[in-house]
Every structure is written in C-alpha cells, then in structure tokens.
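Contents: one structure, followed by commentary.
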Amino acid sequence: MATLLPPPKRQKVYHGVPEPEKEEPQPTSNIVVQFISEEDGKTLAPPVNIPANVSREGLEALVNKLSKQDEDPVPFSFHVKLPENKDAIPGAPTQVVISKSIEADVLNHPTGDFTTEDVIVVHCSPQSVFRVRPATRCSSTLSGHTSPILCANFSPTGNLLATGSGDTNVRLWDLNTETPSHVLSGHKGWVLCVEWEAMERKLASGGHDGHIRLWDPKTGSPIGDALKGHSKWITSLSWEPIHINPTAPRLASSSKDGTVRVWSTLTRRTEYTLGGHSASVNVVKWGGGSGSKGVLYTASSDRTVRIWDAESGRPLHTLKEHAHWVTTLTLNTDFVLRTGPFDHTGKKPTSDEDAQKLAKERYEALLKTTPELLISGSDDHTLFLWSPFPSSSPSSSAGQQQPNHPVTKPVARLTGHQRQISHVVFSPDGKWAASGAWDNSVRIWEGRTGKFVATLRGHVGAVYRLAWSADSRMLISASKDSTLKIWDLKTYKIKNDLPGHTDEVYCVDFVADKVVSGGRDRTVKIWKN
C-alpha cells in the first residue's frame, strides 16, 4: 500500500480582514562577546562574534557548548556590568541582567554605555537546576496565637513550621496539610526565637524569661526541663552543624546579659560560657569555619563581632569597625548549615553517618569557590563583609584577597542605607546578599565582593525581615507596612505584592514554594503559587 501523505496544512482565513504583512526579521549587527565566569573571574571561552539578537536561551546553549562540560546543560544567568559613571543617580543599578537578548537589554539600555563596536563582557553565573515558583496568593490563614507572632522558622525538610509568640507559646504547624499540629507551652514570657536542629529531631526555643526549652517536634512534648543559666532574655539560638556532630549537636544561645552559652543536649548542662562582650549579644551563629568543631560568630551591642573556637570557647578574632550596635549577622553557609543533609531532592539520610556525609558534601560544595564569609549589619546604617578564614577554600588563593590583607579588616564596607539595618541574609548559593533597613528599602549586594548591585524600593514602612527562595532566584521581604513583597532579581522590581496581614509583619520564611509569615495581627499566613 502506498504511503499516504498527510493533507496539506489549511491556510489561515482572515474573515473580512486584510491579511497582515509578514514581519521582516530586523537586520542586526554582529558583536564580539567575551563570556566570563562570575565564580572565579576566568574566561569560559575565547571571545566570540555573534549576532546581537541571539536570545538569552541561545546564549545559554552557546556557553554550555563552549565550556565543553560533558554533564547536563547548566542554566545560566547573564549580566553585564555598567561602567562607573560619575553623573549616575546614586542608587541606580550597577549591572544589567540579560533577559531577552544582548541587543534588547544591553545595546538599547537607556544609559547608552554600549555600542556594537565594544567587546561586551558578559558575566555568567550558573543557576540552581531546580526552580521555585513564586507565591501569588494566601492559601491559609491560621489563627491560634493570642499575641503577636515574633519568630517563625521552617524545619529543614520543610514539612513543619514553628512559630513563637508573645503569648508564651510555641506552635507547630504541618505545612503539607496547612493545619496546626502542636502547642508547646512552658515559657514564662514572650518566645523570642525558635531554631530547628538540622536533622529535625529537636526544636529549641528561647524566651524573654531567660530560659531555653527543647521540644520533640513529633509528639510536641518538652525534652526535659528548661535550660537555665542566662540572667536576661535570649536573643538568638544556633545549633552545631550536622557535618561536625550528627548524633547530638550542641546548642549555642546568646543573651541580653552579654554572654553566650554552649549547651550539651545530652547532659543538659552548660559546656562553657563566652564572656568577652561588654553588652547584649544580639546574634550567635555556629559556622563550619576552621577547626574540627567549627567556630562561633557573635555580634553584640558593644559594637564588635567576635569569633570563637567552638571546641574550647577560646577567642580567635575580634572585628571592630562598626560605630554602633551590631544587630544582625549572616554567613554564606547559613542555608546549607540550617538544612544539613536535606537538599531539594527530598532524599532522607539512612543513618547519622550518612547524614554527616551528605551534610559535609553540601557544605564543601559551597566552599569550593569561596571561603566562609560573614556580613554584619549595624545601627550605624552600614554593613561589613568579612572573610575571617580565607584559607578555608581552595579557590580563595586566586587573588581575591591580597596575601597581606589582615583577617580582622573587612573585605568591604557596604554603604547606602539611610537608617538602621534590620536584617541581612545571604542567598542559599552564597552569590548574593540582601539587606533590609528602617529606610523602607532592600539592597542587593554581591556576596563575594560586597559590591552594590541594586536597591529594591516599594515598601512604605521599615523592612523587618528578608528570606530567599532555595534556588536563590527570589527574595521576599516583610515590612512594617503590613505587606510582603516578592522581588524579581532580573528587573529589580516587585514581582508579587502579598497584602493580607492587617498589621506589621514581623517574620517571614521561604520553603519549597511556600512562604510563611506572621506578625502583629496574631495570624500565620501561608502563601503559595
């Protein structure tokens, strides 16, 4: 039987309307492009001559082809740095993200800095292979707390949420069903901070009563009595990283009484107390740093940031540059340390050793290209980027820091905010940092150099808290103006506005594709796509 050809395609009929003219492809000129890796500044390929209107997807395919890696193609984001312009409006973005093509985004950029004669240097940064969908609507409003919600924290797997409130209770919420799961009562004052152990076996909460309580999240029951020792309220808590101690991680607590205590969860006693600060310690972070047991970073109202060896508690460095209280700290390893062995694939570790191995792999993968960095934010309106352990990463000798650069001097001073800094947070991949302040703005900085990238404006009240999506592509801010805003980091504009709270929003967190927020109106809201 002869092969039957399919019938010819039907011509489109324009009923009574003249057929539109075929659009001629616009003539485009060729340009020379140099692709540079954002991670180490090396060139990915020799300069290539391509048409200016090659789409962003085309550029991505080209870079994957040129860099000759036999793995699966990696998604890239591309940007071009704008030349330093003395007359530019202060606070204007310092780079252009390529979202359509070089022609549309760079050559036709309003500043007119680029022509087809220039060699266009395109910085390529590999993106995460999974993508988080932006939240657009409120899917649940959960009431239960009878006072403002002061802190909210996702569990490492993203299945549970803990919130602490002025009503002295901690509440656990099941995020899969978006329902309340347990009420943890025991504190005698406001609950100021909640922190998950990175294996999700325990939850710690710190209160205005100066006590720290440990809870079993499965049953909602307390693990023993409160840990007592601090003479004033608890300002923050931090667990020992899983890649250092998978079986029984210790807990560090900082307090208004000027001390930091490290507690053993097995004996429930203080292992040691750090007493170097002369005023309230506002934040403690347990980093992987140098040394076998990691390091403790503490920020205090005595204007200093101190770094301690977590094994013995001996002081390593004191960082003195701030002119006012240091109120917030972030590590570029925060996200990896917080989620321990759990990544976006949702695999469960089979044993403690397995968990330690997974957590160590994730931690070391991040440190391949950068040492552990730290940004401190202060009431003096500025932030500082520090690199206290430059030798902890193989790549850091690549000339990012001069060999004689003293460790206790900052890598960069991040200026631009006009009021006190309320929160600073590194993106999960460590490439960006975002800071929110009482001047109603959010600023984005390069995570490795501290260079200013863009200002995100839109809030009409102080920005209290920030959170990144796990793929580092989106940022969400919570503000005094009762809204949450999700920011698009391609255009540096608002992607989604999430109104709905009836009063100030004090806390926000981002897990998988859900956003959770709580605040003065005493409700927990869950937002999703």
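Structure data summary
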item	result
Residue list for the stretch 278-301, given a label point 7 angstrom along the Cα-to-Cβ vector of Lys320 and an amide N cut-off under 13 Å	278
Cα long-axis angle, helix 56-66 against the chain (0 to 90 degrees, to the nearest 10)	80 degrees
Gain upon complete extension [Asp174, Asp225; 0.36 nm per residue less C-alpha separation]	15.9 nm
Net lengthening on full extension, Asp503/Glu57 (0.36 nm per residue, minus Cα-Cα)	156.3 nm
Subset of Lys81/Lys409; Lys347/Lys485; Lys81/Lys490 violating a 19 Å alpha-carbon distance limit	Lys81/Lys409; Lys347/Lys485
Gain upon complete extension [Ser143, Glu117; 0.36 nm per residue less C-alpha separation]	3.3 nm
Distance histogram in 10 Å bins (all Cα pairs of the stretch 272-311, percent per bin)	33, 53, 15
Order by protection proxy (mean Cβ within 10 Å, highest first), peptides 216-229, 359-372	359-372, 216-229
Stokes-Einstein D in µm²/s, Kirkwood radius over Cα pairs - the stretch 98-179 at 4 °C with 1.567 mPa s viscosity	73 µm²/s
Pairwise centroid distance, computed over Cα atoms, of the stretch 42-112 with the stretch 212-231, Å	51 Å
Calculated FRET efficiency for the pair Thr449/Asn49, C-beta based, R₀ 25 Å, to 0.05	0.25
Sequence-distant residues sharing a close amide H with Phe76 (under 5 Å, placed H)	Gln127
Magnitude of the charge dipole, the stretch 91-154, Cβ model with Lys/Arg +1 and Asp/Glu -1, debye to 20	640 debye
DSSP-loop trypsin sites (Lys or Arg not before Pro) across the stretch 248-295, with at most 11 other Cβ within 10 angstrom	Arg269
Pairwise centroid distance, computed over Cα atoms, of the stretch 491-529 with the stretch 290-368, Å	27 Å
Range of Cα positions in the chain per principal axis (Å), largest first	81, 60, 53
Shape call, the stretch 218-329: gyration tensor on alpha carbons, a/c limit 1.5	oblate
C-alpha long axis of helix 352-367 to longest principal axis of the chain, angle in °	50 degrees
Residue-averaged [θ]222 nm for the chain, counting only DSSP H segments that reach four residues, each worth -39500 (n - 2.57)	-2000 deg cm²/dmol
Cα shape, the stretch 286-339, gyration tensor, a/c 1.5 rule	oblate
Charge sum, other residues only, whose C-beta stays under 13 Å from Thr219's C-beta, Lys/Arg counted +1 and Asp/Glu -1	+2
Dipole magnitude (debye, nearest 20) for the stretch 191-233, charges at Cβ of Lys, Arg, Asp, Glu	80 debye
Reach of Lys232 by Cα under 18 Å, taken over aspartates and glutamates that are not fewer than 8 positions away in the same chain	Asp209, Asp257, Asp302
Calculated FRET value between Ser185 and Ile89, using beta carbons and R₀ = 41 Å, to 0.05	0.20
Tail beyond 18 Å, pair distance distribution of the stretch 472-529 (Cα, percent)	27 percent
Kirkwood Rh, Cα atoms: Rg over Rh of the stretch 393-529	1.03
Those aspartates and glutamates that a straight Cα-Cα span of less than 17 Å connects to Lys357, excepting residues fewer than 8 apart in one chain	Glu197, Glu200, Glu240, Asp343
Tensor-based shape of the stretch 139-190 (alpha-carbon gyration tensor, a/c under 1.5 rounded, otherwise prolate or oblate)	prolate
Percent accessible area from carbon and sulfur atoms, the chain, protein chains only, probe 1.4 Å	52 percent
Charge-dipole axis of the chain as Lys and Arg at +1 and Asp and Glu at -1 on Cβ define it, positive-most pick from Ser143, Val122, Pro51	Ser143
In Å, descending, principal axis extents of the Cα set of the stretch 140-245	39, 37, 21
Nearest-20 debye value, the chain charge dipole, Cβ charges on Lys, Arg, Asp, Glu	1020 debye
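The values are calculated or read from the model by the stated rules, or taken from the named source; none is laboratory data. Bear in mind the structure is a predicted one, so any value in this text is a computation, not a measurement. Glycine gets a Cβ as well: all are built from the backbone with ideal geometry, and neighbour counts include every protein chain shown. Ligands, DNA and RNA are excluded from the accessible area calculation, which covers all protein heavy atoms including side chains. Shrake-Rupley method; radii C 1.70, N 1.55, O 1.52, S 1.80 Å.
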